[in-house]
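The values are calculated or read from the model by the stated rules, or taken from the named source; none is laboratory data. Nothing here was measured: the structure is a model prediction, and the numbers come from that model. Methodologically, a virtual Cβ is constructed for each residue, glycine included, from the backbone with ideal geometry; neighbour enumeration extends over all protein chains shown. When the accessible area is computed, the model is the full protein with side chains, heavy atoms only, and any ligands, DNA or RNA have been set aside. Shrake-Rupley method; radii C 1.70, N 1.55, O 1.52, S 1.80 Å.
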Amino acid sequence: MAASTLRSVCRDCDPAHGAPGSHSRESGKLNPEANPPPSPRGSAPALILPRGAPREGGGSLPAPRGSTNGSARIRAPRSAPRVLKTRRAQAGPFPEHAKLARATPPARSARLIAPSQMDSETPTQAPTQRYFTWDEVAQRSGHEERWLVIDRKVYNISEFHRRHPGGSRVISHYAGQDATDPFMAFHINKGLVRKYMNSLLIGELSPEQPSFEPTKNKELIDEFRELRATVERMGLMKANHVFFLLHLLHILLLDVAAWLTLWVFGTSLVPFLLCAVLLSTVQAQAGWLQHDFGHLSVFSTSTWNHLLHHFVIGHLKGAPASWWNHMHFQHHAKPNCFGKDPDINMHPLFFALGKILSVELGKRKKKYMPYNHQHKYFFLIGPPALLPLYFQWYIFYFAIHRKKWVDLAWMITFYVRLFLTYQPLLGLKGILGLFFVVRFLESHWFVWVTQMNHIPMHIDRDRNMDWVSIQLHATCNVHKSAFNDWFSGHLNFQIEHHLFPTMPRHNYHKVAPLVQSLCAKYGIEYQSKPLLSAFADIVYSLKESGQLWLDAYLHQ
């Protein structure tokens, strides 16, 4: 071809970085598989040649001044159209590779596959595939860089964690670790979520790397995933909407019955206390129901679950849905892991929890409270105080501080409804008295039910165990009965709930025998106890850990 007729042609870009037919000025690379379009007016297409490459008519195209790698601008005659500008490649064909290379020390750089040839005359480097080891992933678990692995794919969540719909902390708790099982457990529309994850993908584990960290039991993980597939085939992840409708109706009927009690029988002490008991039951049962919607276990789409969640926790209970999500999903991701599970944040300020942490606290000579008496003062600052003295003000602080205005609007509807229905009967002072009596009774109900499954269990820092092991070490069950199921909102099946958090609660008892068989096969203790024994174990475990702290404090 004649050099005077050189013209530039831009072929299709990589689909991940531009639509077909477009070209990214950032990449400066041509797709070797694309067919070049015909040149205008029948002229021959121009070639972008590396420095020193032969051209027709002999000689070579000289590189412009300052060029070091040959991927520089080639000037054409004035009569030709403006030629394609390219930018010097830095550690890869795409800009994000250059950014990642600058953030990754050379010693930790991943291996690259061999470059392919575009053709015999125009060699180029194909998009690189980055491979990582578990050690490299584990090093990205701090504040600056956060990586995690899902199905052997490595994702960079360093920036995304702030926008994570489930909260920044819950996803950050798995930074530097494999998050495949929690990803499967928490999401109901995994295909849609994976589409959004593509922008975070930076590579995958090297072929010689195992799919799990050395701290995890591969056989147990594989068998649990088979169990999960079996559970889904059995239809146990699908909800019976009639069950939840009846549960909502019984809550609304109790709410109406509480008001009718005062309206019919007056506001003397006995009707007042009966009304308070009925309203406390409404609040407790609404708490279990909002828990179902919050876990996306009722509807097949997130939208309906979120809407009903706002209604139940906001309008029926007066609390923000975002606060519940922020706290509760952390608990499920890393139960009983100090520093990651907010449900055990009372250690060490108020209580010394767990055998390991209590001894450590004693060895460090830390004494924020007389922990050897904590099983006694638990009855003063635990069940009676948690909701009325802490949660009640903190939920407003949370909603306002984080600017959760939608949650705040739902909460206000609860207090407006309470005032409009009870003020004509009780007056302002009577409403305040009724409200705090209800919160006092509800707090006892809530604390005993939620702590009976966790406080007596293993409490420690995060040891990066597999999904099954961490859940079984941190949870236990209470025997099934009609009363226990209703009283605890089926949280007496805490093991099954933690293994399958999106499973509708009415199916827990169906999957329980399968979980028991799995635990028996791998020698994992599956604890189930009577309701009153579970309550007593809270006190016994506090007494034991308090004594361990005292021994370490005095003698170690």
- [ ] Express the C-alpha Rg of region 142-207 as a ratio against the empirical globular expectation 2.2 N^0.38 Å, rounded to two decimals.
- [x] 1.02
TODO: Can you pull a Stokes-Einstein diffusion coefficient for region 349-410 at 37 °C (0.692 mPa s), Rh from Kirkwood over Cα pairs, as a whole number of µm²/s?
DONE: 232 µm²/s
- [ ] Take the alpha-carbon positions of region 451-493, form their convex hull, and give its projected area averaged over all directions (one quarter of the hull surface) in nm².
- [x] 3.3 nm²
TODO: For Gln527, list long-range residues whose amide hydrogen, built 1.01 Å from N in the peptide plane, is under 5 Å from its own amide hydrogen.
DONE: Asn477
Open item on the list: Need one value: the accessible area of Tyr394 in square angstrom, 1.4 angstrom probe, rounded to the nearest 10.
Closed with: 50 Å²
TODO: Please list the non-local residues whose amide H lies under 5 Å from the amide H of Phe132, H modeled 1.01 Å from N, same-chain partners needing a gap of 5 or more.
DONE: Glu204, Leu205, Ser206
TODO: DSSP loop (so not H, G, I, E, B), at most 16 other Cβ within 10 Å: list which trypsin sites (Lys or Arg not before Pro) in region 367-410 pass both filters.
DONE: Lys367, Arg402, Lys403
TODO: Mind giving me the FRET efficiency for Asn198 and His555? R0 is 60 Å, r the Cβ-Cβ distance, nearest 0.05 is fine.
DONE: 0.60
TODO: With a Förster radius of 60 Å, plug the Cβ-Cβ distance of Ser533 and His401 into 1/(1 + (r/R0)^6) and report the FRET value to the nearest 0.05.
DONE: 0.90
Task: Geometric extent, Cα atoms of region 478-551 - Rg, Dmax (angstrom) - done: 14.7, 45
Open item on the list: Explain nothing, just compute: Karplus ³J(HN,Hα) = 6.51 cos²θ - 1.76 cosθ + 1.60, θ = phi - 60°, for every residue of region 462-470 in order, whole Hz, x for Gly and Pro.
Closed with: 5, 9, 6, 7, 5, 4, 5, 5, 5
Task: Karplus 3J(HN,Hα) series, Hz, for region 392-409 with 6.51 cos²θ - 1.76 cosθ + 1.60 (x for Gly, Pro) - done: 4, 8, 5, 5, 6, 4, 4, 5, 6, 5, 9, 6, 8, 5, 5, 4, 5, 5
Open item on the list: With an 8 Å Cα cut-off and a minimum separation of 6 or more residues, compute the relative contact order for region 119-273 in percent.
Closed with: 22 percent
- [ ] Kindly report the accessible area of region 169-261 per residue (heavy atoms of protein chains, probe 1.4 Å, no ligands, DNA or RNA), in Å².
- [x] 52 Å²
Open item on the list: Distance cut-off 25 Å, Cα to Cα: go down the list Lys153/Lys190; Lys480/Lys521; Lys317/Lys376; Lys317/Lys480; Lys216/Lys334; Lys366/Lys543 and report the pairs above it.
Closed with: Lys317/Lys376; Lys317/Lys480
Open item on the list: Under the √(5λ) rule applied to the eigenvalues of the Cα gyration tensor, what semi-axes describe the equivalent ellipsoid of region 209-252? Give them in Å, descending.
Closed with: 38, 13, 6
Task: Phi to ³J(HN,Hα) by Karplus 6.51 cos²θ - 1.76 cosθ + 1.60 over region 414-429, Hz, x for Gly, Pro - done: 5, 6, 5, 4, 4, 5, 5, 7, 10, 5, x, 8, 10, x, 5, 5
TODO: Report the FRET efficiency, 1/(1 + (r/R0)^6), for Ala385 and Arg163, where r is their Cβ-Cβ distance and R0 is 30 Å, rounded to 0.05.
DONE: 0.25
Open item on the list: Relative contact order for region 350-478: what percent, with Cα pairs under 8 Å and sequence separation of 6 or more?
Closed with: 36 percent
- [ ] Two decimals is fine: what's Rg over Rh for region 180-219, C-alpha atoms, Kirkwood radius as Rh?
- [x] 1.03
TODO: Let me see the pair-distance distribution of region 241-356: every alpha carbon pair, 10 Å bin width, integer percents in order.
DONE: 13, 32, 27, 21, 7, 0
